[in-house]
1. Just the number: Rg to Rh for the stretch 237-319, Cα atoms, Kirkwood Rh, two decimals.
2. What ranking of Trp304, Trp212 emerges when the number of other C-beta atoms within 10 Å of each C-beta is taken as an exposure proxy, fewest first?
3. Identify all aspartates and glutamates with a Cα-Cα distance to Lys77 below 17 Å; exclude those on the same chain that are fewer than 8 residues away in sequence.
4. Tell me, what HN-Hα J-couplings in whole Hz come from the Karplus equation 6.51 cos²θ - 1.76 cosθ + 1.60 at θ = phi - 60° for each residue of the stretch 138-148, using x for Gly and Pro?
5. Calculate, for Phe187 and His303, the FRET efficiency according to 1/(1 + (r/R0)^6) with r their C-beta to C-beta distance and R0 56 Å; round to the nearest 0.05.
6. Mean-square fluctuation check for the chain, GNM, Cα pairs under 10 Å: which of Asn229, Asn177, Asn351 is largest?
7. What shape does the stretch 166-324 have by the C-alpha gyration tensor, where a ≥ b ≥ c are the square roots of the eigenvalues, rounded means a/c under 1.5, and otherwise prolate means a/b greater than b/c and oblate the rest?
8. Based solely on its DSSP helices, what 222 nm [θ] is calculated for the chain when runs of n ≥ 4 H residues each add -39,500 (n - 2.57) and the sum is averaged over all residues, nearest 500 deg cm²/dmol?
Amino acid sequence: MRLLENIRVLDLTNVLSGPFATLHLALLGAEVIKIENPGGGDLARQLGNVKALNKQLMGTSFLAQNANKKSLTLNLKLEEGKEVFRRLVATGDVVVENFRPKVMERLGFSYEALCQIRPDIIYCAISGFGQTGPDAFKPAYDQIIQGLSGVMAINGDERLNPLRCGFPVCDTVGGLNAAFAIMAALFHRQRTGEGQFIDVALLDSIMPLMGWVAANLLIGGQQPVLMGNDNFTAAPSGTFRTADGYINIAANQQKQWEDLADELGLGELKSDPRFAERDTRKANRRELTPLLEARLTEKPTAHWVEVLNAKGIPSGEILSLEAALSQPQARHRQVIATVHEPGIGEIRLFNLTAKFSRTPGAIESPPPRLSDHTEAILGELGYSGEDIAALREKGVI
């Protein structure tokens, strides 16, 4: 049995935050029906570095987060489209959208309106700033939220700041937050029979990820310090030069520091008043790092990774994305799965990374072609072949 078997999710989301949320529900076995506009569908279908796929409306950005889903095209501005959606809601458990606030209300599909159709519906609205507040109606993309959240202000160092994360972290975390909230709401409904409205904001979602940095400010009164690749909680902990590149070392515990000093032949530093204790090492990291690198640059990264890890000193290479995705540990954990898409061939996508012992989730079907499942879903709702042809003629589907 799949964890979310028999849960129907009506997914009206586009691009990343919403589709990333519903992807996790789909990987856990929910039936996710992606409701797309007939004029091109999800914008992500046209985004990616492979032009041929963009023209097929199967861009890499779309492929990345839409496995296991069904595609239904529907024009919600037409009354016939609204009626189809009402019938779908009557059969659904969850509605997810990431429009600006009030868009669904203007279409006639506010949470209150949907409750008239399905009283126990769970409705999740994902937006940049939430449904209320002075900024609620402002447009928002990931980079805008990175700037407004403080993320860009704490990245980088004195030479390069502000600095955005190298991937859309706010969209992604917002999607994860929404998936978590939907699962919690499903659990509540199972216990009480009650549905509810969930308001997820990208701005709200990203801020708690800065918890330690924010706590130093909110509780300790300390402004963030730009430290680049150094770890503000300990020293030596960060990125260091080696004979052929760089290595990450996290000697966060006192014993790890002392073992590192011994392994590098720098045992005298253990009693040096500048480095003897954790807080003094942090204060004097600019003096400590060159001393360590003088020894680390004598041998390559691979040597130090093996030697230091053997001593219980956490260390690792800094891999390219390609090397990271193909490393033995990632292959063992099946982080990447392969699925066949008839018009493309074999494609590699991220799998469900939480490992369930009784209800494992996995990629079972490729991301859908636009409108792949329209006729089947409408047939299930009671529409005849003639009805479906009429809807297509009117541009409803």
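Rule-based calculations on the coordinates, nothing more; no lab input. No experiment lies behind these values; they were computed from the predicted model shown. Neighbour counts run over all protein chains shown; Cβ positions are idealised from the backbone, glycine included.
1. 0.93
2. By the 10 Å Cβ count, ascending: Trp212, Trp304.
3. Cα-Cα hits under 17 Å: Asp11, Glu36, Asp42, Glu97, Glu105, Glu393.
4. 6, x, 8, 10, 3, 5, 4, 5, 4, x, 6
5. The formula returns an efficiency of 0.70 here.
6. Asn229
7. On the way: a/c = 2.76, a/b = 2.06, b/c = 1.34.
The shape class here is prolate.
8. One gets -11000 deg cm²/dmol as the mean residue ellipticity at 222 nm.
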